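First up is the structure itself, then whatever we jot down about it.
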Amino acid sequence: MLQSTTFWVLVAFVAFVALVWNVAKKAILGALDARAERIRQEIEQAQALREEAQSMLAQYQRKQRDALKEAENIIAAAREEADRIRRNAADELETSLKRREAAAMDKIAQAEAQALQQVRDLAVDLAAAATERLLVENMDSGRRAALVDQAIKDLDGKLH
């Protein structure tokens, strides 16, 4: 057997395969380890990116909720302000209407008083004219002189 070329070819082949296997095994295992390490790093990086994305999503959702709350608060404040302005406008309108009504009532009262005074003045003028006519027509000159003298005497007491 030791003399057979086939045996030595087989021994050489097995030795060659063992030697190649040792060298190739280190290279293959090194490449596999490097690839496994690269995959592990990519997985860690992907997990870190995923966590960062989830954190950013949660942050943006919080910001969106805060913005919605702020918008609701702004809308509520605007509604309250509009209601306050509407109430103030209604109050001012009512106050203005009351003032105008009071001014109109004052003007009416003044007009009534003026009309009443004019009627009185006219009645006094008419009464004086009628009295003068009656006195002129019905009174004699002696009686007239006595009335003038009496009026002159009473004048001093009426002026003071």
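The values are calculated or read from the model by the stated rules, or taken from the named source; none is laboratory data. Note that the structure is predicted; figures quoted are calculated from it, not measured. Every residue, glycine among them, receives a Cβ derived from its backbone with ideal geometry; neighbour counts consider all protein chains shown.
Among the residues of region 28-57, those identified as more than 57 Å from the chain's Cα centre (by Cα) and either loosely packed, with under 10 Cβ neighbours inside 10 Å or of a type in the set (Asp, Glu) (or both) are ASP33, GLU37. Condition test on ILE85, is it within 40 Å of the chain's Cα centre (by Cα) and surrounded by 10 or more Cβ atoms within 10 Å (Cβ to Cβ)? Yes, satisfied. Has region 1-20 got at least one residue that is hydroxyl-bearing (Ser, Thr, Tyr), exposed (fewer than 10 other Cβ atoms within 10 Å of the Cβ) and either in contact with a strand residue (DSSP E or B) (Cβ under 9 Å, 6 or more places away or on another chain) or not in a helix (DSSP H, G or I) (or both)? For region 1-20, residues hydroxyl-bearing (Ser, Thr, Tyr), exposed (fewer than 10 other Cβ atoms within 10 Å of the Cβ) and either in contact with a strand residue (DSSP E or B) (Cβ under 9 Å, 6 or more places away or on another chain) or not in a helix (DSSP H, G or I) (or both): present.
The combined condition, being part of a helix (DSSP H, G or I) and within 60 Å of the chain's Cα centre (by Cα), is not fulfilled by ARG133.
Being surrounded by 10 or more Cβ atoms within 10 Å (Cβ to Cβ), charged (D, E, K, R) and at pLDDT 90 or above holds for only one residue in GLU132, GLU112, and it is GLU112.
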